[in-house]
1. For a quick check, take a GNM of chain B with Cα springs below 10 Å and name the residue from B:Tyr265, B:Tyr182, B:Tyr130 with the largest mean-square fluctuation.
2. Treating the angle as unsigned and between 0 and 90°, give the value, to the nearest 10°, between the Cα long axis of helix B:112-127 and the longest Cα principal axis of chain B.
3. Where in chain A are the DSSP H helices whose C-alpha atoms run 15 Å or more along the long axis and whose mean Kyte hydropathy is at least -1.0?
4. What accessible surface, in Å², does a 1.4 Å probe find on A:Lys118, ignoring ligands, DNA and RNA and rounding to the nearest 10?
5. What FRET efficiency do you get for B:Arg191 and A:Ser48 if R0 is 30 Å and r is their Cβ-Cβ distance, rounded to the nearest 0.05?
6. Could I have the simple spin-label model distance between B:Ile257 and B:Ala45, label points 7 Å from Cα toward Cβ, reported in nm to one decimal?
7. If you fit an axis through the alpha-carbon atoms of helix B:228-238 and take the longest principal axis of the Cα set of chain B, what angle between them do you get, 0 to 90°, nearest 10?
8. Is chain B best put as rounded, prolate or oblate by its Cα gyration tensor, with a ≥ b ≥ c the root eigenvalues, rounded for a/c under 1.5, and otherwise prolate when a/b is larger than b/c, oblate when not?
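The values are calculated or read from the model by the stated rules, or taken from the named source; none is laboratory data. Note that the structure is predicted; figures quoted are calculated from it, not measured. Because the Cβ atoms are built from the backbone with ideal geometry, glycine has one as well, and the counts that use them run over all protein chains shown. Calculation scope for accessible area: heavy atoms of the full protein, side chains included, ligands and nucleic acids excluded. Shrake-Rupley method; radii C 1.70, N 1.55, O 1.52, S 1.80 Å.
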Amino acid sequence: MNANQSKLVVEDLRLGHRSRLNGKFTTACEDLSFDVQKGEFVAIVGPSGCGKTTFLTAVAGLMPVASGRLELDGRQLRGPGRDRSLVFQHASLFPWRNVTGNVSFPLQAQKRNDEKGKERVRQLLELVGLGDNGNTYPRELSGGMMQRVNLARALVTDPELLLLDEPFAALDAQTREVMQSELTRIWQADEVSSGKTAVFITHDVPEAVFLADRVIVFSRGPAHLVESVPVDLGRPRTREVKRTPEFLAITDHILDLVMQQSDHGMRSASHGHSATVDA
Amino acid sequence: MAIAQLSTPSSGTSVQERTPAAQRAPRRHEHVMLGLLGLAAVFGAWQLCTSVGIVDPTFSSSPVGLFGALVDFITSGEIWKPLSSTLTTVAWGIGLSLVVGIPLGLVIGRSRVLFGLTEPLISIMYAVPYVVFLPVIIFWFGIDQQARIVIVIWAAIFPLLINVVAGSRNLDISYLHVAHVYCASRFLTMRAVALPATSPYILAGVRQAVGRGLVGAIVAELFMGSAGMGYLVQKQTSNFQMDEAMAAIAVIAVVAIALTRAVAYFERRFTSWSTST
């Protein structure tokens, strides 16, 4: 990890939607400030509806910044760019294209679908475990496989910054567990993307701790930074790390922070039973 | 477990396309046989009625007379000129409707302002029976092929537009987000995202457009009386040549079925991804 080199700078950021009906501005993020270092894998957690997804949508360039700084490599972000990729929450694959066609789409859009690009697609499909499924259509894929394609599509452009919007939220518990391990494996295995910067949105605190170098806790909406928690667990990580006391301590600490936000101080006695925040 | 189900053989067609078709095959065969039997029964009854003198073949023609006239049409080559005239009219009319209607519908569906402006107009034009415009179109364009093409377009473009606009409006916004995030150009987004995503709607529109377009062409020929299959039926009936008139109607039926089947083929071919298995 190259420390002290900010990849993404967020400062006094304000985001929101203006209603088409009455023109009223609903704030999603306010006074939001934090940095993401180069090569860092950052997870963002926060109560449901706090504006995490809105934040990620803005970084992806699908939403305008109302005010404040949102800079990638020192340049204010305005609209989408080739330097960023988004792993969509619901895979959003094109059902009329097969797996290879879906993964190639960003290359086609950026006029890079040459021999080198095709080789990269093959290599990525192999890496995400879909090497034999290039000709398969999305309707024939399971939820987990769709998210693998979604991930491969995002990695194919070798983005500077990879954005992941709760990609495993809709999966069943076992598949989610498998995909978390797979993401760390792919992250560590892909020569091109290892060392890349990633921002991962989730409401699942253990998932955030397992995947990230640092977990950023958002407040209730409009979101601002509550705490930035470093995850000092070694890499490569495997599923076993989830049973270590260090892992549990960090997870508990973050859960407490999120719960305080969810209940606004009223501690729920039941939170120990459930790992996910919005359960 | 899912992988095992998905190990499709890497031949051209996918398993999904083949398996149900194979299962349907005997039933489909039976369906076709029943259909032919039904047709044969009607023709048999018709022949019987004319043979025993219940109806006068001078007025009603008869299956035997019809087939005789059909063979004469083909051997003498008399049928080709009106048939090609009608097919040319339909092809130009439908072709122009598709070239104009599909992009226009996609654009209208993506713009709230354009949709608001055009929606009542398109609905009215779709609802009003297009044949009432025939006298006006004759007044504007005369009775030549140009005028017949105009009436085909008039008949075909509104059902097409309604469907394409609906498809464009129902376009899943997440597909557009994917295109946007990966910096696809407007043209690529239209061609590689909006067009395939709305193709089930477009082809439903094409199916209606082709049906109405053919009716438009025939009605125009009946009305304008200058060329084509409609004119042939009109002329033969006026001359009390009922066998020839019925044979001409049979040819129109074949054309209609061929066109419907062609559109159904394209629907299967291009929208197989949208039908859940």
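1. Fluctuation is largest for B:Tyr182.
2. 20
3. Result, helices passing both filters: A:99-109, A:143-155, A:173-189, A:245-263.
4. 90
5. Result of the calculation: an efficiency of 0.20.
6. 1.9
7. The angle comes out at about 30 degrees.
8. Oblate is the answer for chain B, as a/c is 1.5 or above yet b/c matches or exceeds a/b.
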